[in-house]
Amino acid sequence: MNIAVIGSGGREHSICYKLKQSNKINRLYCIPGNAGTSEISENIEIDPNDFEKIYQTVLKKKIDLLIVGPEIPLVNGIVDFFEKKKIKIFGPNKKASQIEGSKIFMKEFCEEFNIPSAKFKKIKNINQAKDIIKDFELPIVVKSDGLASGKGVTICNSRKKAIEEIDKILKGKFKTSKKVIIEEFLKGEEASYFVISDGNNFVPIGTAQDHKRIGENDTGLNTGGMGAYSPSYLINNEIEKKIKNKIITPTINGMRKKGYPFKGILYAGLMIYNSEPKLIEYNIRFGDPECQILMMRLRNDLLNLILSSVNNNLKKEKLIWTNEPGITVVAASKGYPEKFEKNYEITNIKKIKFNSKRQLFHAGTIKKNNKILSNGGRVLNATVLSSSLSKARKIALDILNKIKFKNKYFRKDIGYKVIDR
Ligand code: AMP
Ligand code: GLY
């Protein structure tokens, strides 16, 4: 088969890396990809939101299947567009994508199907907000309804701050939506749970723990993710059973009942407190950088799993994992997630030996005149499996120490709650 992966991050590089191991693949493309994907697939420079242009390429290159990495094209309806053209594509359609694309949809859905989640209220206007927040204990969580690249959530320690934040969103702080909700603050520890679904059945496809904050000890601004490890040490068999029975199964069944069967990767962001999981949010795709570790820990042929979702026959799939845990550490450009520079030359990659247990996935990188340059905030992901997380982290940090680029920054404490406890 000829396959194209859509996206340009570390997630998409690791998906290409994993797909390359399948013997069913003839040609592999990445749209638009990065310097890393260009080594193992052919990059095609098209904006992932330009569906018509992608379609022309699908015809020209005889592409049999599209695999979508990021959420924005999914929320914009890329799956509906290609299904209409009878082109196979992996991921949820526009209606099903609302579960990430609209927090209001997601919260009302949870209410309708009794899925444990934080108490919430929709805000209609600022006066109603002033009234409602009296019933909410501090801190109050204020959320923009639409996609906001991880910036749509503010945890407010005073009612005054909550009102200010609500006012900003109502006045158009986020381009995607002026709608806003407030939520009760959930205590506990976070974990990520991934499943692949064909709309009727689902198969768990890994657990992970992400580190979203820029600074060590989880301090500073929120980012897309500065590192992660898998499996999550919070999710034991008992908690997993609750996640499946109380959260995932009612979601897959509920979405089907509403007429929006969910096909693709469903990523549940969970808060676990006193062994009880609650849903914080849903994402409709793999996490980045969590995906990078899952792709190295998974033993199955990824393409078979994806085809089972696309062709509605996932039921028979059994997943096989390496016993070893894995960690990924993100090297960013100093200044990220705010202002940062691009076009720094990256050197020394060729001096490091990589194998099936140590990989360097590229995120914001680009090849120019045979040099690899930084091209984004998150630049590289050192991803390592080993007999312990502590050993894996040491190797990942060694890799990032050896690689040189100006203003390189990475957290050295990924996994600290497990490793350094
Ligand atoms: P979200 O974009 O909904 O995933 O939220 C981003 C982050 O905000 C989450 O990973 C949590 O750390 C935090 N968060 C969101 N909602 C809540 C909540 N109701 N209670 C506590 N923390 C929350
Ligand atoms: N790493 C968090 C995310 O992909 O949303």
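What three numbers, in Å, describe the spread of the alpha carbons of the chain along their principal axes, ordered from the longest?
60, 46, 43
How much accessible area per residue does the chain have, counting only protein heavy atoms and a probe of 1.4 Å, in square angstrom?
That works out to 45 Å² for each residue.
GNM, the chain, Cα, under 10 Å: largest mean-square fluctuation among ALA268, ALA118, ALA331?
Maximum among the listed residues: ALA118.
Along its principal axes, what span do the Cα atoms of segment 120-261 show, with the longest given first and each in whole Å?
45, 43, 29
Evaluated at 10 °C with a viscosity of 1.306 mPa s, what Stokes-Einstein diffusion coefficient in µm²/s does segment 356-421 have when Rh comes from the Kirkwood expression over alpha-carbon pairs?
Stokes-Einstein gives a translational diffusion coefficient of 122 µm²/s.
Just to check, using Stokes-Einstein with a Kirkwood Rh over alpha carbon pairs, what's the diffusion coefficient of segment 108-172 at 25 °C and 0.890 mPa s in µm²/s?
In µm²/s, the coefficient is 194.
Beyond 24 Å, how much of the Cα-Cα pair distribution for segment 291-421 remains, as a whole percent?
Value for segment 291-421 (Cα pairs over 24 Å): 39 percent.
Considering only DSSP beta bridges whose two residues both sit in the chain, what percent are antiparallel, to the nearest 5?
Taking every DSSP beta bridge with both residues in the chain, the antiparallel ones total about 80 percent.
Could you look at the chain and say what percent of its accessible area is carbon and sulfur, using a 1.4 Å probe and all protein chains?
It is 47 percent, rounded to a whole number.
What net charge is computed for the residues neighbouring ALA35, neighbours being all others with C-beta under 10 Å from the C-beta of ALA35, Lys and Arg scored +1, Asp and Glu -1?
Spelling it out: positives minus negatives among the neighbours equals +2.
Per-residue ellipticity at 222 nm for the chain, helices alone: DSSP H runs ≥ 4 residues times -39500 (n - 2.57), over residue total, nearest 500 deg cm²/dmol?
Helices in the chain give a 222 nm mean residue ellipticity of -8000 deg cm²/dmol.
In vacuo Debye scattering of segment 247-351, one point per C-alpha: log10 I(q)/I(0) at q = 0.10, 0.11, 0.19, 0.21 Å⁻¹?
Once normalised to I(0) and log-transformed, intensities are -0.48, -0.57, -1.21, -1.31.
Show me the three semi-axes of the equivalent ellipsoid for segment 247-298, from the C-alpha gyration tensor (sqrt of 5 times each eigenvalue), largest first, rounded to whole Å.
Three semi-axes, in Å: 21, 18, 9.
Which of the chymotrypsin sites (Phe, Trp or Tyr not before Pro) found in segment 247-336 are loop residues per DSSP with 13 or fewer other Cβ atoms within 10 Å of their Cβ?
Loop-located and lightly packed - none at all.
Translational D (Stokes-Einstein, µm²/s) of segment 1-99 at 25 °C and 0.890 mPa s when Rh comes from the Kirkwood sum over C-alpha pairs?
185
Counting pairs on different chains as well as pairs 8 or more places apart, how many Lys pairs in segment 112-154 have Cα atoms under 19 Å apart?
15
If you find the alpha carbon centre of segment 53-101 and of segment 244-262, how far apart are they in angstrom?
When both Cα centres are located, 21 Å separates them.
Jot down the radius of gyration and Dmax of segment 327-366, Cα atoms only, both in angstrom.
My reading of the Cα-based Rg and Dmax gives 12.2, 35 Å.
Can you give the net charge of the other residues whose Cβ lies under 15 Å from the Cβ of ASN370, counting K and R as +1 and D and E as -1?
With Lys, Arg at +1 and Asp, Glu at -1, the net is +2.
For segment 308-351, what Kirkwood radius comes out of the mean inverse Cα-Cα distance, in Å?
For segment 308-351, inverting the mean 1/r across all distinct Cα pairs yields 15.8 Å.
What percent does the relative contact order of segment 19-86 come to when contacts are Cα pairs within less than 8 Å and at least six residues apart?
Numbers: 48 pairs, mean separation 14.0, N = 68.
So the answer I get is 21 percent.
Tabulate in residue order the Karplus-calculated ³J(HN,Hα) for segment 320-334, using 6.51 cos²θ - 1.76 cosθ + 1.60 with θ = phi - 60°, rounded to whole Hz; enter x for Gly and Pro.
After applying 6.51 cos²θ - 1.76 cosθ + 1.60, I find 10, 10, 5, 6, 7, x, x, 9, 10, 10, 8, 9, 10, 8, 3 Hz.
The values are calculated or read from the model by the stated rules, or taken from the named source; none is laboratory data. Note that the structure is a prediction, hence the values are computed from the model and not measured. Ideal geometry is used to build each Cβ from the backbone, glycine not excepted, and the neighbour counts take in all protein chains shown. Accessible surface is based on the protein model in full, side chains and every heavy atom, while ligands, DNA and RNA are left aside. Shrake-Rupley method; radii C 1.70, N 1.55, O 1.52, S 1.80 Å.
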